[in-house]
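Scroll down for the structure; my scribbles are underneath it.
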Amino acid sequence: RERESYEDALTCAAKGLQCRPDPALRQEEALSLVGLGSLDDAISRLEAYVKVHPKDRDTPKVLSNLLIGRAYARLSEPGISHAEILKIVERALAYNPEEPRAHLVLGRVLREQRRFAEAVAELELAHRLMPEFDDARQQLAEALSQLGFDYLLTKQDEAAADAWLRCLAVAPKDLETEGLRMQ
């Protein structure tokens, strides 16, 4: 699988699973399916496995991660409602309540709903849990910028300045911040 030979990896994992129900092989099977572009198959197989083996601790984490990956990807699909995305996130959190990327997806949904203060809270948590993940930083900075402008429109100058200063502190180098600096 690491050599991107997903068909072979899937075949090896399936043969191994015929001999014994090893969680590591189950994860390899799922990750091979993901490599082949069959994310939904990987998710359904892992969900079936988790139902049969509820005491397994690692597989639900992998499943949660795949579900969040599905939710994150679906955010960019046209015609997908926030309710559908939130159902996927809810399923993921049921398998692993500590899934850090869930906060990233929730923050983005809240931003799209123009609920900037709530989005900032979720995205700050995502950034704290994943400080090296560039998208968490980018989305947090953008949400703080939007929150600042939202406060400005309601004549809450101090709150706007605070949001913008927090934005400037976290903003990646490639984010346009000249307008914020002028404000």
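Remarks
- Any hit, the range 161-171, residues being modelled with pLDDT under 95, closer than 25 Å to N65 by Cβ and either open to solvent by 20 Å² or more (accessible area, probe 1.4 Å) or more than 17 Å from the chain's Cα centre (by Cα) (or both): yes
- Residues of the range 35-55 satisfying the condition of being hydroxyl-bearing (S, T, Y) and open to solvent by 40 Å² or more (accessible area, probe 1.4 Å): S44
- Any hit, the range 47-67, residues being within 15 Å of the chain's Cα centre (by Cα) and of a type in the set (V, I, T): yes
- A121 in contact with a helix residue (DSSP H, G or I) (Cβ under 7 Å, 6 or more places away or on another chain), open to solvent by 20 Å² or more (accessible area, probe 1.4 Å) and at pLDDT 95 or above: no
- Subset tally (residues that are among the basic types (K, R) and at pLDDT 80 or above) for the range 1-27: 3
- Among the residues making up the range 24-55, those that are touching a helix residue (DSSP H, G or I) at 6+ places or on another chain (Cβ under 8 Å), under 20 Å from A94 (Cα atoms) and of a type in the set (A, V, I, L, M) are A30, L39, A42, I43, L46, V50.
- Check on C19, farther than 30 Å from E112 by Cα and buried (at least 16 other Cβ atoms within 10 Å of the Cβ): no
- Given (1) crowded, with 16+ Cβ neighbours inside 10 Å; (2) under 30 Å from Q18 (Cβ atoms), index of the condition D58 fails: (1)
- When we screen S76, S64, S32 for residues that are under 24 Å from L129 (Cα atoms), surrounded by 18 or more Cβ atoms within 10 Å (Cβ to Cβ) and out of contact with any Gly (no Cβ under 7 Å at 6 or more places or on another chain), the only hit is S64.
- Complete set of residues in the range 81-99 that are crowded, with 18+ Cβ neighbours inside 10 Å and under 12 Å from N65 (Cα atoms): I88, V89, A92, Y95, N96, E99
- Residue match in the range 134-154 (condition: open to solvent by less than 70 Å² (accessible area, probe 1.4 Å), of a type in the set (F, W, Y) and touching a Leu at 6+ places or on another chain (Cβ under 8 Å)): no
- Y72 in a helix (DSSP H, G or I) and modelled with pLDDT under 95: yes
- Here K173 passes the criteria (1) farther than 20 Å from R114 by Cα; (2) touching a helix residue (DSSP H, G or I) at 6+ places or on another chain (Cβ under 7 Å) except the one numbered (2).
The values are calculated or read from the model by the stated rules, or taken from the named source; none is laboratory data. Computed from a predicted model, the values in this text were never measured in an experiment. Counting neighbours? That spans all protein chains shown, and the Cβs are built from the backbone with ideal geometry, glycine included. All accessible areas refer to the heavy atoms of the entire protein, side chains included, with ligands and DNA or RNA removed. Shrake-Rupley method; radii C 1.70, N 1.55, O 1.52, S 1.80 Å.
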